Amino acid sequence: MLTNAGKYAIRAVIYLAIHSSADKKLGAKTIANALEIPQAFLAQLLRTLTVDKLISSSKGPGGGFFLDDDDRKNTLWQVIVSIDGEHRFHECFLGLSKCDDAHPCPMHHMVSPFKKEMLFNFQERTIAQLIDEIKDNGTVVSLKMSH
């Protein structure tokens with residue numbers, strides 16, 4: 001459903017939400033090292049997210065990427081659409097070109113409810129709400145990929 005680019009973008013936004021502010025900006029290199037993402041690839045993703053007004057940035061000394069209060073009102077869905085596009089989420093689980101409620105693949109009825117619930121959560125939960133839930137639940141979030 002999500003490309004590596006989409007997953008990297010979500011991880012970067014979560015990292016920025018936890019570790020940045022208008023007074024504490026982070027460079028692409030810092031984020032890439034923390035998340036173990038290739039720096040050049042991450043820089044492209046961060047530029048796209050900035051152009052789409054999902055994260056903020058400033059240039060010059062003390063510059064970098066950050067999330068301000070408005071950025072924190074964005075949803076995970078907006079991040080996904082910015083990087084992967086909406087269509088990738090609606091693709092058939094088995095990769096069939098024609099799969100929907102009227103013409104389901106063998107997995108459609110098992111996967112469809114899960115996809116609908118996930119889509120609802122991505123569209124309705126803001127970055128701020130997600131970070132509050134992480135803090136409230138004491139969730140340990142490792143943003144690095146497991147090896």
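Does region 1-80 come out rounded, prolate or oblate by the C-alpha gyration tensor, with a ≥ b ≥ c the root eigenvalues, rounded set by a/c under 1.5 and, if not, prolate when a/b is larger than b/c and oblate if not? Please report the intermediate quantities before stating the final value.
Working: a/c = 1.66, a/b = 1.16, b/c = 1.43.
It is oblate, given that a/c is not under 1.5 and a/b is not larger than b/c.
With angles folded into 0 to 90 degrees, how steeply does helix 39-51 sit against the dominant principal axis of the chain? Use alpha carbons for both and round to 10.
80
Bins of 5 Å, beginning at zero and ending with the bin holding the largest distance: percent of Cα pairs per bin for the chain, please.
Per 5 Å bin, starting at zero, the Cα-Cα P(r) for the chain comes out as 2, 9, 18, 20, 19, 13, 9, 6, 3, 1, 0, 0 percent.
Which ³J(HN,Hα) values, rounded to whole Hz and listed in residue order, are derived for region 54-67 from phi using the Karplus coefficients 6.51, -1.76 and 1.60 in 6.51 cos²θ - 1.76 cosθ + 1.60 with θ = phi - 60°, glycine and proline given as x?
Values per residue, Gly and Pro as x: 9, 9, 10, 8, 9, 9, x, x, x, x, x, 9, 6, 10 Hz.
Could you grab the relative contact order for the chain? Cα pairs under 8 Å, six or more apart, rounded to a whole percent.
Working: 166 pairs, mean separation 42.4, N = 147.
The normalised contact order for the chain reaches 29 percent.
Once the piece of chain linking residue 117 and residue 36 is laid out straight, how much longer is it, given 0.36 nm per residue of separation minus the C-alpha distance between them?
Details: separation 81, 0.36 × 81 = 29.16 nm, distance 2.93 nm.
Separation in residues times 0.36 nm, less the Cα-Cα distance, equals 26.2 nm.
Modelled label-to-label distance, residue 107 and residue 48, 7 Å Cα→beta-carbon offset: nm?
That separation, rounded to one decimal, is 2.3 nm.
Contour minus end-to-end for residue 126 and residue 98, with contour as 0.36 nm per residue of separation and end-to-end as the Cα-Cα distance? Mind showing how you got there, number by number?
Working: separation 28, 0.36 × 28 = 10.08 nm, distance 3.21 nm.
Working it through step by step, the gained length comes to 6.9 nm.
Less than 23 Å apart at the alpha-carbon level, and either on another chain or at least 8 residues along: which lysines does that give for residue 53?
Output for residue 53: 7, 24, 25, 29, 73.
Read the figures in this text as sums done on the coordinates, not as results from a lab. Computed from a predicted structure; not experimentally measured. Backbone-built Cβ (ideal geometry, glycine too); neighbour counts: all protein chains shown.
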